[in-house]
Amino acid sequence: DPSSEDFRKEDFPFYWLARVHGQYTQNMERLLKKVDLDVARWRVLWILNQNGQSSISEISTHAIAKLSTITKIVYRMKDDGLIDTAQSAEDGRVTQVCITPQGLAMIERMQGVTSELFKRSFVGLTESQVERLNKTLETVFHNLESF
């Protein structure tokens with residue numbers, strides 16, 4: 001409990017989550033710079049690669065970023081030829097985003113520069129430990145989501 005007198009930051013899970021996220025982001029930015037990308041554009045490409053065609057708001061939800069920020073990123077990526085956009089057939093107010101062949105090629109380049117970071121991140125952990133970590137973090141996420 002951060003309000004207790006004997007509180008130590010090292011005992012607080014959010015301290016470690018913030019440190020891990022910060023270190024991971026710094027490493028990713030450095031690696032992605034080699035292929036002229038950043039973490040935000042990496043996220044958009046991975047979301048589209050996994051989910052297929054998605055609306056800008058769906059991308060925003062999965063990237064945990066503001067809709068206005070993702071909208072700007074999407075249109076920059078469209079200008080770069082990595083993705084394409086179209087109006088939704090069901091709802092003209094919705095912009096659908098899909099990955100282009102150039103975007104798929106970029107994913108391969110991204111994997112080339114980042115795969116070692118992913119491997120090294122979990123050295124010393126078993127597959128079941130990583131699965132348990134994911135489940136624990138998912139539970140914390142849902143607890144915060146409903147707050």
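The values are calculated or read from the model by the stated rules, or taken from the named source; none is laboratory data. Please read all numbers here as calculations on a predicted model, not as lab measurements. We place every Cβ from the backbone using ideal geometry, glycine too, and count neighbours over all the protein chains shown. Accessible surface is based on the protein model in full, side chains and every heavy atom, while ligands, DNA and RNA are left aside. Shrake-Rupley method; radii C 1.70, N 1.55, O 1.52, S 1.80 Å.
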Requested in this report: Go through (i) 20, 20, 15; (ii) 32, 15, 11; (iii) 32, 21, 14 and flag the label whose value is the computed semi-axes √(5λ) of the Cα gyration tensor in Å for this structure.
Outcome: (iii)
Query raised in the report: Taking N as the number of residues in segment 89-147, what is its alpha-carbon radius of gyration divided by 2.2 N^0.38 Å?
Result: 1.74
Query - Ordering of 39-49, 6-16 by packing [mean C-beta count within 10 Å, highest first] - result: 39-49, 6-16
Requested in this report: Would you work out if segment 1-64 is rounded, prolate or oblate? Take a ≥ b ≥ c from the square roots of the eigenvalues of the alpha-carbon gyration tensor; rounded if a/c is under 1.5, else prolate when a/b is larger than b/c, oblate otherwise.
Outcome: oblate
Query raised in the report: segment 52-82 to segment 14-30: how many Å between their Cα centroids?
Result: 22 Å
Query raised in the report: Given +1 on the Cβ of Lys and Arg, -1 on the Cβ of Asp and Glu, and no further charges, what dipole in debye does segment 77-147 carry about its Cα centre, rounded to the nearest 20?
Result: 280 debye
Report summary line: Taking the chain and counting helices only, DSSP H stretches of n ≥ 4 at -39,500 (n - 2.57) each over all residues, the nearest-500 ellipticity at 222 nm comes to -21000 deg cm²/dmol
**Report entry** Heavy-atom accessible surface of the chain: percent carbon and sulfur, 1.4 Å
**Finding:** 54 percent
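Can you give me the relative contact order of the chain as a percent, contacts being Cα pairs under 8 Å and 6 or more apart?
19 percent
Leaving out ligands and nucleic acids, and using a 1.4 Å probe, what accessible area per residue does segment 26-99 come to in Å²?
For segment 26-99, the solvent-accessible area averages 59 Å² per residue.
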